[in-house]
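One structure below.
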Amino acid sequence: MEFTDVILACITDYGSRVRGKGFPAEDLRKYVDEGVGLAPTNLMITCFGEIVDTPWGPRGDLLMMPDPATAVAVELGEDRPAERFILCSLDRMDGTPWPCCPRHWLRRGLEALEAEFGLTVNAAFEHEFHYSGVSAGGGNAYALDSFRQQGAFLHEVLHALSRNGGVPEMVMPEYAPQQFEVTNAAAIGLEAADRAVKLREIVRAIARAHGEKATFAPVMAANAVGNGVHIHFSLRRCDGTPVSYAPEREHGLSRELEGFVAGILAHMHEFIAMTAASNISYERLQPNRWSAAYNNLGSQDREAAIRICPLLDRPGLDLSWNFNVEYRAADATGNPYLVLGALVWAGLEGLRTKSTVSGVTQGDPGDLSESERERLGIRRLPTSLPEALHLMETSEPVRRWMGEEFLSAYLMNKRSELKLLDGLDLPEQIERYVACF
Ligand code: GLU
Ligand code: MG
């Protein structure tokens with residue numbers, strides 16, 4: 001069979017869905033130069049595919065500007081065309097960046113971090129997901145048998161990642177039945193978020209080609225272990241040298257990384273509606289789920305909002321390149337540009353205000369007394385999306401980072417999503433998210 005090669009120019013919208021328009025591959029150069037038209041209201045499509053409210057109505061035009069460095073081609077066998085897509089930022093018709101574009105927002109945060117502090121972020125997104133192609137029966141946590149059952153799927157995923165600008169590092173059967181994890185090496189700035197978008201879509205594409213489904217919903221059932229997206233990050237100077245590790249300081253955090261982390265912890269309640277972006281995200285963010293329930297910093301603690309990761313402790317190793325921390329209160333309903341953007345803008349706020357962390361928790365913050373938590377600045381994270389959206393709406397810093405139009409469009413999109421869940425109980429809500437993530 002013969003095919004016309006088609007490339008989809010894609011954006012990742014507020015609902016963290018990747019949507020776009022296709023054109024014959026031979027026209028790529030033209031569209032890289034001229035862009036592909038899009039209505040602003042396209043961003044207001046909820047993750048469920050329906051538009052409820054929009055500030056822009058049927059009016060206005062934008063351009064999706066494909067970034068040639070992000071082109072992806074996933075080979076899916078001889079008898080079907082490769083899946084090809086390219087990631088875009090959104091510009092106005094005059095070529096200036098659209099202020100409500102998630103990818104531009106991350107870029108602006110990174111530019112400010114570089115201009116004000118000479119720093120950038122090196123980050124890796126770890127993704128957990130469920131794959132329908134293996135037994136749903138229990139007993140296979142981390143099991144070789146689970147890896148065996150998935151057949152060629154993960155091998156193809158790793159191959160496609162490395163062919164498309166990724167650097168796969170680790171793949172594993174995870175704890176829950178049908179759960180797997182794939183990790184990509186860290187990349188600087190925008191590329192880290194681009195890699196996250198590509199990884200999710202590559203995993204989904206290859207699962208579909210096997211007649212199966214890969215699902216990144218934050219939870220698959222009530223009271224079950226969730227699918228997290230953990231963001232490992234460290235700071236680099238703009239010449240690439242690491243600036244996160246200071247062995248003489250407490251817990252090894254350099255002054256720069258401490259300020260950055262302190263900003264994230266201080267503002268986490270206000271921006272968490274972007275990293276745990278669905279109503280069912282808060283089913284995952286509960287105590288004793290190996291996710292995060294408080295805005296705490298923990299050392300080697302998988303229930304801390306930010307975990308200081310372990311370091312190989314062998315003589316002669318230069319640890320400064322490996323030292324990193326991990327933000328755990330995210331899942332795939334959060335748009336990767338908004339997730340990393342929130343961390344960058346909040347971290348920048350921490351640096352600007354010379355913030356320091358008030359302590360590293362040992363054990364579950366829920367076991368501390370109220371006054372001890374208060375002394376450490378530790379608070380329970382929001383327990384629902386409406387609560388998180390309210391904290392976002394009333395946050396002066398978030399309004400300043402995003403600007404009025406972008407913030408109110410995001411809030412409207414998420415409240416539209418909530419309207420579509422009206423009257424549904426938790427299992428029914430999960431079912432809706434599972435269907436589209
Ligand atoms: N599945 C857990 C989560 O929801 C994380 C388990 C782990 O530490 O890898 O984040
Ligand atoms: Mg994991």
Practice prompt. Express in nm, to one decimal, how much length is gained between SER369 and THR353 on full extension, taking 0.36 nm for each residue of separation and deducting their alpha carbon distance.
Written response: 2.9 nm
Fill in: Solvent-free Debye scattering, log10 I(q)/I(0), computed from the Cα coordinates of region 136-195 at q = 0.16, 0.22 Å⁻¹
-0.56, -0.85
Worksheet entry | Average Cα contact separation per residue, region 118-218, under 8 Å, 6 or more apart, as relative contact order % | 41
Practice prompt. Quick one: plug the Kirkwood hydrodynamic radius of region 187-277 (C-alpha pairs) into Stokes-Einstein at 10 °C, 1.306 mPa s, and report D in µm²/s.
Written response: 97
Worksheet, complete the sentence: Counting only DSSP loop positions in region 79-161, the chymotrypsin sites (Phe, Trp or Tyr not before Pro) whose Cβ has at most 16 other Cβ atoms within 10 Å are TYR142
Worksheet item: For region 1-79, what D do you get in µm² per second when you plug the Kirkwood radius from alpha-carbon pairs into Stokes-Einstein at 4 °C and 1.567 mPa s?
Response: 91
Worksheet entry | Extension reserve of the ALA152-GLU26 stretch, reckoned as 0.36 nm per residue once the Cα distance is removed | 42.2 nm
Fill in: Convex hull per residue volume in Å³, alpha carbons only, for region 340-430
153
Fill in: Neighbour-count order for MET274, MET64, fewest beta carbons within 10 angstrom listed first
MET64, MET274
Practice prompt. Within region 351-418, list the trypsin sites (Lys or Arg not before Pro) lying in a DSSP loop whose Cβ has at most 15 other Cβ atoms in a 10 Å radius.
Written response: LYS354, ARG379
Response to the item:
Exposure proxy check on ASP364, ASP301, ASP239: fewest-to-most Cβ neighbours within 10 Å is ASP239, ASP364, ASP301
Worksheet item: Per residue Cα convex hull volume for region 3-153, in cubic angstrom?
Response: 189
Worksheet item: Rg to Rh for region 93-176: what is it, with Cα atoms only and Rh by Kirkwood?
Response: 1.17
Response to the item:
Farthest towards the positive end of the dipole of the chain, among ASN140, ASN279, THR4 and with Cβ unit charges of +1 on Lys and Arg and -1 on Asp and Glu, lies the Cα of ASN279
Worksheet item: Given the alpha-carbon gyration tensor of region 203-353, what are the semi-axes of its equivalent ellipsoid in whole angstrom, ordered largest first, with each equal to the square root of 5 times an eigenvalue?
Response: 29, 18, 16
Practice prompt. Starting from the Cα coordinates of region 103-239, work out the convex hull volume and express it per residue in Å³.
Written response: 118
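Output needed for region 380-437: three equivalent-ellipsoid semi-axes, defined as square roots of 5 times the C-alpha gyration tensor eigenvalues, in descending order, whole Å.
Result for region 380-437: semi-axes of 25, 13, 9 Å.
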Worksheet entry | Calculated P(r) of the chain - Cα pairs past 26 Å, % | 55
Worksheet item: What ranking of ILE430, ILE202, ILE272 emerges when the number of other C-beta atoms within 10 Å of each C-beta is taken as an exposure proxy, fewest first?
Response: ILE430, ILE202, ILE272
Worksheet item: Which trypsin sites (Lys or Arg not before Pro) does region 247-322 hold that lie in a coil by DSSP with at most 12 other beta carbons within 10 Å?
Response: ARG249
Worksheet item: Cα centroids of region 148-168 and region 1-69: how far apart, whole angstrom?
Response: 26
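Read-outs throughout are calculated quantities, based only on the coordinates presented, and are distinct from any laboratory measurement. What you are looking at is a predicted structure, and each value in this text was computed from that prediction instead of being measured. Cβ coordinates were reconstructed from backbone atoms using ideal geometry, including for glycine residues, and neighbour counts include every protein chain displayed.
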